[in-house]
Structure formats: C-alpha cells, structure tokens
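In what follows, a structure is listed as structure tokens, so that the remarks can point back to it.
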Amino acid sequence: MIFNPERKPWYGVRTRLNHERAAATILQAKGYEQYLPAYKVRRRWSDRIVETSLPLFPGYVFCRFDAHQRLPIVSTPGVVSILGFGSEPAAIPEEEIAAIETLLRSGIGAEPCPFLLEGQRIRVNRGALEGVEGILIKKKSNWRIAISITLLQRSVSVEVDHDWITAS
C-alpha cells in the first residue's frame, strides 16, 4: 500500500456496546471516513433462521481524522473514547485496516476470536480438555496447547480448536 500524506491516519474509536452502527453513521454524516467491518451470522429465531450482520470488532469503529481536532469525534453520540496512549490517540497502521478489508472482500468466513499470543498461558473451556491449562504454541498453521511437568522438564502438546480456548 502506498502512503498518501494527504490522507489522515486511521484511529480506533471505542463506542458504547451495540452503538457501533449509529456512531459510524453519525461520523459519516459529519464528513469523516469511517469503517465498520462486519461479518454475517445466522441466528435462529422462534419461527425462522435469520442472517444478520454483526460488527467484527464489537465496541469499535475505525475513523480517519486529524488527531489534533478530535472534539467532533468524542462528542459524537455513542462514542466513548479514542484509542491511544495516555491522552494521545494512537494511529492504526494502514496495512492492518487494508488486511481486514481484503479478508472481508474475499468472502472467506471471518468472525471475531480472542486475541491470543503464542507463548501465552491459556485455558480450554470446552471439549474433552475442558479446564486444562497450558501454554499456547503454534505448529505449522495449527494451534496447540502444551502441558508441562516442570519437575521432569518435559511437555506434551495437543491440537486445540481456537474457539475453545481463552487466556487464563
């Protein structure tokens, strides 16, 4: 992606939960470029199955703006704050937003998942290993949990479904 100095950087805008669409619509009406990535999900109602669209990052909208003029952003109904360090907003790299856009355009099923880092301590919440804690490792493209016996200085690992684990 080519850097364009005239385009303002992307920032993460935290919204009240379930107010993402309203905040994005108002930001757009104010003239800001906003991005609310969404994914499709099928929900069963009492009489039928409905396909709906939900925010890929619940509680967040991305917006381009001048960091020195953020009052119109934070005064938008539904907006809680701008992500940053201390009182300074932190720009989101253009490549990260572009990657999300590319993923969603591809049509491959995308959905939110916990942010976990390799080497992080995790707990299995479902399945046959429910309640087991270990270290998250990656082998090729698969996630595994490593369980260790410290005294023996030996470990075993097994593949786990990413949906079944959380940070412990």
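The values are calculated or read from the model by the stated rules, or taken from the named source; none is laboratory data. In this text the structure is predicted, and so the values were computed from the model without any measurement. Cβ sites come from the backbone with ideal geometry, for glycine too, and all protein chains shown count toward neighbours. All accessible areas refer to the heavy atoms of the entire protein, side chains included, with ligands and DNA or RNA removed. Shrake-Rupley method; radii C 1.70, N 1.55, O 1.52, S 1.80 Å.
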Report, in degrees rounded to the nearest 10, the 0 to 90 angle that the Cα long axis of helix 20-29 makes with the longest principal axis of the chain. 30 degrees
Within the chain, what is the longest stretch that has no chymotrypsin sites (Phe, Trp or Tyr not before Pro) placed in a DSSP loop and near at most 12 other beta-carbon atoms within 10 Å? 46-114
How big is the Cα convex hull of region 1-77 in projection, averaged over all directions, in nm²? 6.6 nm²
Helix axis angle, 94-106 relative to the chain longest principal axis, alpha carbon, degrees: 80 degrees
Once the piece of chain linking residue 38 and residue 141 is laid out straight, how much longer is it, given 0.36 nm per residue of separation minus the C-alpha distance between them? 34.6 nm
Between residue 25 and residue 53, the FRET efficiency computed from the C-beta separation at R0 = 22 Å comes out, to the nearest 0.05, as 0.95
In deg cm²/dmol and to the nearest 500, what is the mean residue ellipticity at 222 nm of the chain if only DSSP H runs of at least 4 residues count, each as -39500 (n - 2.57), divided by the residue total? -4500 deg cm²/dmol
Report the accessible area of residue 30, computed with a 1.4 Å probe over the heavy atoms of all protein chains in place, in Å² rounded to the nearest 10. 90 Å²
For labels at residue 157 and residue 16 in the simple 7 Å Cα→Cβ model, what's the distance in nm? 4.5 nm
Once both label points are put 7 Å beyond Cα along the C-beta direction, the residue 71-residue 7 separation in nm becomes 2.9 nm
With r as the distance between the Cβ atoms of residue 110 and residue 46 and R0 = 45 Å, compute the FRET efficiency 1/(1 + (r/R0)^6) and round to 0.05. 0.95
Let me know the whole percent of all Cα-Cα pairs from the chain that are separated by more than 24 Å. 53 percent
